[in-house]
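The values are calculated or read from the model by the stated rules, or taken from the named source; none is laboratory data. These figures come from a predicted structure and were not determined experimentally. Neighbour counts are summed over all protein chains in view; Cβ atoms, including those assigned to glycine, are modelled from backbone coordinates with ideal geometry. SASA here: full protein model, heavy atoms, side chains in, ligands and nucleic acids out. Shrake-Rupley method; radii C 1.70, N 1.55, O 1.52, S 1.80 Å.
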Amino acid sequence: MSGRANANIYLRGKTYWGRVQIASREHRSSLRTTDPREARRRLRQWKTELEREAVTGDSDQLFEEAVIRWITEVLETSVKPQTMRRYTISIRSLEATFKGVRVRDITTRLISNFVSSRSGCVTNATIRRDLTALSRLLSACVAWGWITSNPALSFDRTIIRERRDPITLPCPDSVARVKAACPPGMAAILDLLEQTGMRENEAVSLTGDNVDHERQQIRLLRTKTSRPRTIAWVTPGGNATALFEQTPHTGCLFPNRDGHPYRNAASNYGQIMRRVMARCEAKGIPFTRFRIHDLRHAFAIRWLKTGGDIYRLSRHLGHTSVKTTEIYLSALTADELDRVLHVGTKDGTETP
């Protein structure tokens, strides 16, 4: 099909584009196909949408109107509460640039302005999360027929690469001081994270039903990827036997003072950390601040330093790829690295 065969469809390279005249206004857009028959079908659909928008005014929907519909129709029914909270935080950041802007007027240039306004104020990782939220929102707008393409997908994110901070291991003395200042439930959670390498949200939700004392295994149901997994509590990285000898066999394993699971363990931990830091500073006692997640890093590095298999570690930590686990190899000496890389096969079987 050539441009002469249909004046409303033409080629740019190998991709067909459409040209439509609606209410004395010309619209041009990629039809995102190299097939002529599909191009004609998409042109008819696009023209119908434009004609409907000209009558209903849907094309004048504002960013905040899209947010409300996205939250109520999409997020509340299709994502986990934790994901919804993360998207909500990103939306608040996006509002400074996009509030009052018509959805169809959101362009890559406007997105670039948003990135520039955030650069230097927050990490690149935060900016990338905000752009993910914007992209998901605009994808919904495409599905609703408000716009024909998602400009967030066209924005080149390689200019805001995520920089991973170097792994720092927590100081044992500092960890001990924080544990001593914690209530029993929180101290037990920190012990568990240190000895098993699980994530904080995986630990706080554990109940007696998740623990198999006979096999010394823990069934994790609330995971980052939403895929349950079972881990051993005696591994090359740690041993949580003493901890589970003291936990009940039913109900919440690590409750707060009221007997309920911690709803925001990270916030409670942060308050305790600040108090311990202030106390140590006042007394001139050396103290190094650490994050809860640093306990997971320390566990992984202990596992590898003892010669544990990296593929087993990857599955234990719940990583979707061993490439993620390989970040810990930088903490090993040459001899340790050689031992880890030759300890077994990719199936985790040790060499004879």
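Counting the residues of the range 272-292 that are open to solvent by less than 80 Å² (accessible area, probe 1.4 Å) and assigned to a helix (DSSP H, G or I) gives 7.
Among the residues in the range 306-316, are any at pLDDT 90 or above, surrounded by 14 or more Cβ atoms within 10 Å (Cβ to Cβ) and among the hydrophobic types (A, V, I, L, M, F, W, C)? Scanning the range 306-316, I find at least one residue that is at pLDDT 90 or above, surrounded by 14 or more Cβ atoms within 10 Å (Cβ to Cβ) and among the hydrophobic types (A, V, I, L, M, F, W, C), so the answer is yes. Looking only at the range 78-91, residues that are more than 19 Å from VAL142 (Cβ to Cβ) and either among the hydroxyl-bearing types (Ser, Thr, Tyr) or not in a helix (DSSP H, G or I) (or both) come to 3 in all.
Answer yes if at least one residue in the range 130-147 is more than 25 Å from GLU26 (Cβ to Cβ), more than 22 Å from the chain's Cα centre (by Cα) and open to solvent by less than 50 Å² (accessible area, probe 1.4 Å), and no otherwise. For the range 130-147, residues more than 25 Å from GLU26 (Cβ to Cβ), more than 22 Å from the chain's Cα centre (by Cα) and open to solvent by less than 50 Å² (accessible area, probe 1.4 Å): absent.
Contact map, the range 46-72: first residue farther than 28 Å from ARG86 by Cα and of a type outside the set (Gly, Ala, Ser), second residue modelled with pLDDT of 90 or more and open to solvent by less than 20 Å² (accessible area, probe 1.4 Å), Cβ cut-off under 8 Å, separation 6 or more or different chains; the map is empty. If you go through the range 316-340 and keep only what is in contact (Cβ under 8 Å) with a residue 40 or more places away in the chain and touching a Ser or Thr at 6+ places or on another chain (Cβ under 9 Å), you end up with HIS316, LEU317, GLY318, THR320. Within the range 12-33, residues that are open to solvent by 90 Å² or more (accessible area, probe 1.4 Å) sit with their Cβ atoms under 6 Å from residues that are at pLDDT 85 or above and not in a loop (DSSP other than H, G, I, E, B), at 6+ positions apart or across chains, in these pairs: ARG28/ARG19. Whether any residue in the range 96-113 is within 23 Å of the chain's Cα centre (by Cα), open to solvent by 40 Å² or more (accessible area, probe 1.4 Å), among the basic types (Lys, Arg) and closer than 20 Å to LEU153 by Cβ is what I want to check. Among the residues of the range 96-113, not one is within 23 Å of the chain's Cα centre (by Cα), open to solvent by 40 Å² or more (accessible area, probe 1.4 Å), among the basic types (Lys, Arg) and closer than 20 Å to LEU153 by Cβ, which makes the answer no.
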